[in-house]
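Engineer: The structure's right below; bear with me while I get my questions together.
The values are calculated or read from the model by the stated rules, or taken from the named source; none is laboratory data. Bear in mind the structure is a predicted one, so any value in this text is a computation, not a measurement. Cβ placement follows ideal geometry from the backbone for every residue including glycine, while neighbour counts extend to all protein chains displayed. The area values use the complete protein model at the heavy-atom level, side chains included, leaving out ligands, DNA and RNA. Shrake-Rupley method; radii C 1.70, N 1.55, O 1.52, S 1.80 Å.
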Amino acid sequence: MKRPSRAMTAAILLVLGILTACGGKSANEPSGGEEVMAGSSPAPKDAVEMTVAINPWIGYGPWYVAKEKGFDHQNGVDLKFVNFVDNKDLYAAVTSGRIDSTHALVSTALRFQATGVPLKVALFQDISTKADALVGAEGIKTVSDLKGKKVAYEQGGGHEMLLRLALQDAGMTLDDIDGVPLSADKAGAALMAGRVDAAVTYEPYISQTLAATKGAGIVTSAGDYPGIISDVWAVSDRFSDEHPEAVSGALAAWDEAVEYFRTNEQDALKIVAQVADVQADELAKTYQGVNIYGARESLTYLDNDFQPLAQEILGIMKEQGSIEGEANPATLVDTSYLREVVK
């Protein structure tokens, strides 16, 4: 019997909820998540421990590089990554205050703010172009082909927004499809298994699904709606008030890791591949679908482009009824920590 590829194996493991972990689960670890990548060296005694909620998305790869290369320790912080495959578990951990910082779509950051979660965006991290997509089974070539079909997507997040916008452009709504609520990893797996006709997912699940599903293809991707799928890194008010230097230290570590990615791509890809349990050459292709921002680029974006983008996303969310409460992009961001890094 032919052995499954590493990519397929990773997909199967994720479907089963077995996360790739390099460290054991601690007693203080947030429920619903598992610590990944313990790092290759012990932290200095004066390093400030900082938990980071994360999920299996390639845009977060520089964090793993920062950890492996010790950039976090060099900047006075000990990053602890807690992986959440399901966004609802991540949301619960963040809202409970058990996490110091989190990655989030811009839409999710707005939702946190609207529900009173005390967070501030400290980094504009990435924009997806091809790394988030609606994948259709054989015969599903356009959005119109989805009418009456089973479509897997994660409710309440950026993937629902992407799907809604695509349907809207085709003169359709969610009522025109048979929606199947599933997290991104399970959505791709459902399509591979033939249980749904289409799925909204992200890399590396897009590539895995296309490789394993005969006749499957991209129906639409995030690049068709520029900026709609973009990520930020937000820090809890409690942690930033207590450890402002650690926030800047984490941002400095991220910046060094992004630069390392650009100058030592092969080694960086190997580091991320070990965590993701996929081949480095597979990752190289997926990274072509996402633009990752260093500290100075992030500061420029936050100063000039973030407010219009966030207002656009907020308008879409209100129109779709996917946000409750009040959100204000103008008070969502704190660039003081980035300014310490790029001064």
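Engineer: Set Lys and Arg Cβ to +1 and Asp and Glu Cβ to -1, take the dipole of the chain about its Cα centre, and tell me which of Thr213, Gln168, Gln113 lies farthest positive.
Structural biologist: With unit charges placed on the Cβ atoms, the residue in question is Thr213.
Engineer: Now for a separate question. On alpha carbon coordinates alone, what is the Rg over Rh value for the range 41-108, Rh being the Kirkwood radius?
Structural biologist: 0.99
Engineer: Still on this structure: Extension gain Asp303-Asp281, at 0.36 nm per residue separation less the Cα-Cα distance, in nm?
Structural biologist: Working it through step by step, the gained length comes to 4.4 nm.
Engineer: In addition: Please give, to one decimal in nm, the separation of the simple spin-label points placed at Gln274 and Asp145, each 7 Å out from Cα toward the Cβ.
Structural biologist: Result for the modelled spin labels: 4.1 nm.
Engineer: Express as a percent, rounded to the nearest 5, the fraction of DSSP beta bridges in the chain (both residues included) that run antiparallel.
Structural biologist: Looking only at bridges with both residues in the chain, the antiparallel portion is about 65 percent.
Engineer: With each label point set 7 Å from Cα along the Cα-Cβ vector, what nm distance links Leu174 and Glu324?
Structural biologist: 1.4 nm
Engineer: Per the Kirkwood treatment, what hydrodynamic radius in Å, one decimal, follows for the chain from the mean inverse distance over all distinct Cα pairs?
Structural biologist: 20.2 Å
Engineer: Karplus couplings for the range 116-125 from phi (6.51 cos²θ - 1.76 cosθ + 1.60, θ = phi - 60°), rounded to Hz, Gly and Pro as x?
Structural biologist: The phi angles translate into x, 6, x, 10, 10, 6, 10, 8, 8, 9 Hz.
Engineer: When the C-alpha atoms of the range 222-343 are aligned to their principal axes, what extent does each axis show, in angstrom, from largest down?
Structural biologist: The Cα atoms of the range 222-343 stretch 44, 37, 25 Å along their principal axes.
Engineer: Okay, moving on. With every protein chain left in place, what is the accessible area per residue of the chain in square angstrom, probe 1.4 Å?
Structural biologist: Normalised by residue count, the accessible surface of the chain is 42 Å².
Engineer: Span-like helices, the chain: DSSP H, alpha-carbon axial extent 24 Å or more, mean Kyte-Doolittle -0.5 or greater, which ones?
Structural biologist: 244-263
Engineer: Which of the lysines could a cross-linker span from Lys343 if the Cα-Cα distance has to be under 26 Å and same-chain partners fewer than 8 positions apart are dropped?
Structural biologist: Lys67, Lys69, Lys120
Engineer: Once both labels are modelled 7 Å past Cα along the beta-carbon direction, what's the Asp237-Lys88 spacing in nm?
Structural biologist: It is 2.8 nm.
Engineer: At a 1.4 Å probe radius, carbon and sulfur cover how many percent of the accessible area of the chain?
Structural biologist: 49 percent
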